[in-house]
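K.L.:
Okay, here's the structure, questions in a sec.
The values are calculated or read from the model by the stated rules, or taken from the named source; none is laboratory data. Values in this document were obtained by computation on a predicted structure and should not be read as measured data. Here the Cβ positions follow ideal geometry from the backbone for every residue, glycine too, while neighbour counts run over all protein chains shown.
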């Protein structure tokens, strides 16, 4: 008899036995930590991770690592791939963080969203690249405080769409969607997924994890929820599904988290109890998901799963998106 997806023994995301797959000890120059990597598969079939690298000043930059199989034998750029540019972009004076990578077929280039950090707080910045060696910065596209952003790979009625997470003065942070005709000027800002209130795992603060995945049934979103506990913040992952042609409309939202800090490398580090994906790739079968996540803000780890199984779990367990948000 097949095991049902609601069986608590089932793991929708399985940790790779080689975890953590990248740490500061592998870096070709001295750094403090390596985590929160954007991910893509290149035309060559290689996996590229654009890693957040924190140096010993406390500031972060981005550095590319490439692998034939996406697991080991990483070839890491010998120097930073994208450094902060505080002279040209003062919003980056305290570093750049947490990239998400999306291939834009209409432009034949990659859109890399990342968090620019300054005394004004975190803001969303965007750069374009074809080779991860040269980057064209569009600069800040969302003012502080805002982060956890990724583009959708195609346009909607002639406009690009950006998922992001502003933080209002009230402190409760929801996931928003905005639109732009040119990737620079953004409007029609809309809340698409609200943080819940009370004891829920995704109460108060939520944010995008890896870029949404286009499926025949809709845009599959992995998002993180931040639970505030007496011991500190606890980051876990959940699922939501959005309409394929109207990504402002959430169809389903999972009531439970599907992955939480569990192993030593996830629970102990510079920031403990954190699993934080910024990137994923899809296998040649069109179903196998490779999810790359930051573990305790210290290392990069890999989990695998099935997109079909994630969708089935969401259809079986999910419900209206705004239940218990007030």
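K.L.:
Could you say whether any residue in segment 279-296 is farther than 23 Å from residue 74 by Cα, outside any strand (DSSP E or B), at pLDDT below 95 and in contact with a strand residue (DSSP E or B) (Cβ under 6 Å, 6 or more places away or on another chain)?
P.N.:
no
K.L.:
Modelled with pLDDT under 95, within 25 Å of residue 39 (Cα to Cα), surrounded by 18 or more Cβ atoms within 10 Å (Cβ to Cβ) and over 16 Å from the mean Cα position of the chain (by Cα): which single residue out of 311, 234 fits that description?
P.N.:
234
K.L.:
Which one of these does residue 136 not meet: (1) loosely packed, with under 15 Cβ neighbours inside 10 Å; (2) on the phi < 0 side of the Ramachandran plot; (3) assigned to a loop (DSSP other than H, G, I, E, B)?
P.N.:
Result: residue 136 fails condition (3) only.
K.L.:
Does segment 102-118 contain at least one residue that is touching a strand residue (DSSP E or B) at 6+ places or on another chain (Cβ under 7 Å), assigned to a loop (DSSP other than H, G, I, E, B) and either closer than 26 Å to residue 24 by Cα or modelled with pLDDT of 95 or more (or both)?
P.N.:
Checked segment 102-118: no residue is touching a strand residue (DSSP E or B) at 6+ places or on another chain (Cβ under 7 Å), assigned to a loop (DSSP other than H, G, I, E, B) and either closer than 26 Å to residue 24 by Cα or modelled with pLDDT of 95 or more (or both).
K.L.:
Of 143, 211, 181, which residue is buried (at least 16 other Cβ atoms within 10 Å of the Cβ) and either in contact with a strand residue (DSSP E or B) (Cβ under 6 Å, 6 or more places away or on another chain) or at positive phi (or both)?
P.N.:
211
K.L.:
Consider only pairs whose beta carbons are under 6 Å apart and that are at least six residues apart or on different chains; among these, list those whose first residue lies in segment 98-109 and is closer than 11 Å to residue 38 by Cβ and whose second residue is assigned to a loop (DSSP other than H, G, I, E, B).
P.N.:
Within 6 Å, the pairs are 100/211; 102/153; 102/211.
K.L.:
Residues in segment 150-165: is at least one at pLDDT below 95, surrounded by 14 or more Cβ atoms within 10 Å (Cβ to Cβ) and either assigned to a strand (DSSP E or B) or touching a strand residue (DSSP E or B) at 6+ places or on another chain (Cβ under 8 Å) (or both)?
P.N.:
no
K.L.:
Given the criteria part of a strand (DSSP E or B) and either in contact with a strand residue (DSSP E or B) (Cβ under 7 Å, 6 or more places away or on another chain) or farther than 22 Å from residue 139 by Cα (or both), does residue 98 qualify?
P.N.:
So residue 98 passes the test.
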